[in-house]
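**Student:** Here it is, the structure, as C-alpha cells.
The values are calculated or read from the model by the stated rules, or taken from the named source; none is laboratory data. Please read these numbers as outputs of a predicted model, since none were measured by experiment. Because the Cβ atoms are built from the backbone with ideal geometry, glycine has one as well, and the counts that use them run over all protein chains shown.
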Amino acid sequence: MPNKNEGVILSDGCRRRLQSIQDTMDLLAGKWKIRIIGTLGFGPNYFMSLQRQVEGIGSKMLSKELQELEVNGLVKRMVYDTKPVTVKYELTPYGNTIAPIIDEMAKWGEIHRAKILQE
C-alpha cells in the first residue's frame with residue numbers, strides 16, 4: 001500500500017509542462033501586465049492613453065510594467081521627437097503570440113461573470 005505522504009512521481013514531460021506554466025505565470029505576474037497586453041491587443045497606443053485605459057494604474061507602475069514587457073520582447077517602444085516627447089507602444093509579432101491566451105481568459109471571464117451573477 002502506498003504511503004499517503006508520498007507524492008506522485010512526475011514524468012520529465014510533466015515537469016517541463018509545469019515549468020513552462022510557471023515561466024508564463026512569472027512573465028505575466030501581477031495586476032497589470034495582462035491588462036496592458038489586452039489593451040495593446042486592440043492596437044498601438046500612446047503612454048498617456050494607455051494609462052487612461054488601464055484604469056487605476058499609476059504612471060510609474062505603467063512605465064515599469066512596459067519596460068519589463070519590452071525586455072521580454074512582447075512590446076515595442078517608439079519615441080517621437082515632439083515637444084513634449086511622445087511615446088507609443090505596440091505589441092511585437094512575438095507579443096501577438098500571447099493573444100490567444102488573453103482571448104481565452106476573456107472568454108472564460110465572461111462565462112464566469114455570467115455564472116456568478118446568475119447564482
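**Student:** Going by the conditions given, is LEU27 outside any strand (DSSP E or B), in contact (Cβ under 8 Å) with a residue 40 or more places away in the chain and surrounded by 12 or more Cβ atoms within 10 Å (Cβ to Cβ)? Quick ask: steps written out before the conclusion?
**Tutor:** On the way: outside any strand (DSSP E or B): yes; in contact (Cβ under 8 Å) with a residue 40 or more places away in the chain: yes; surrounded by 12 or more Cβ atoms within 10 Å (Cβ to Cβ): yes.
Yes.
One line per residue, one yes/no per condition, for (1) touching a helix residue (DSSP H, G or I) at 6+ places or on another chain (Cβ under 8 Å); (2) acidic (Asp, Glu); (3) exposed (fewer than 10 other Cβ atoms within 10 Å of the Cβ); (4) farther than 28 Å from GLN67 by Cβ:
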position	(1), (2), (3), (4)
ILE21	no, no, no, no
ARG35	no, no, no, no
THR39	yes, no, no, no
PHE42	no, no, yes, no
ASN45	yes, no, no, no
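**Student:** Does the stretch 111-119 include one or more residues that are without any contact (Cβ under 8 Å) to a residue 24 or more places away in the chain, closer than 16 Å to LEU50 by Cα and acidic (Asp, Glu)? Let's see the steps before the verdict.
**Tutor:** Applying the first criterion (without any contact (Cβ under 8 Å) to a residue 24 or more places away in the chain) to the stretch 111-119 yields 111-119.
Narrowing the set further to residues that are closer than 16 Å to LEU50 by Cα leaves none.
Looking through the stretch 111-119, none of the residues is without any contact (Cβ under 8 Å) to a residue 24 or more places away in the chain, closer than 16 Å to LEU50 by Cα and acidic (Asp, Glu).
**Student:** Quick one: in the stretch 83-119, of everything that is assigned to a strand (DSSP E or B) and not aromatic (Phe, Trp, Tyr), which residue is surrounded by the most Cβ atoms within 10 Å (Cβ to Cβ)?
**Tutor:** Among those residues, the one meeting the criterion is LEU91.
**Student:** Could I ask something else about it? If you scan the stretch 7-19, which residues turn out to be among the aliphatic types (A, V, I, L, M), outside any helix (DSSP H, G or I) and either out of contact with any helix residue (DSSP H, G or I) (no Cβ under 8 Å at 6 or more places or on another chain) or at pLDDT 90 or above (or both)? Quick ask: steps written out before the conclusion?
**Tutor:** The initial filter retains those residues of the stretch 7-19 that are among the aliphatic types (A, V, I, L, M), namely 8-10, 18.
Still in the running and outside any helix (DSSP H, G or I): 8-10.
Result: VAL8, ILE9.
**Student:** Among LYS60, LYS64, which is the only one that is part of a helix (DSSP H, G or I) and within 16 Å of the chain's Cα centre (by Cα)? Steps first, please.
**Tutor:** Numbers: LYS60 fails: within 16 Å of the chain's Cα centre (by Cα).
Among LYS60, LYS64, only LYS64 is part of a helix (DSSP H, G or I) and within 16 Å of the chain's Cα centre (by Cα).
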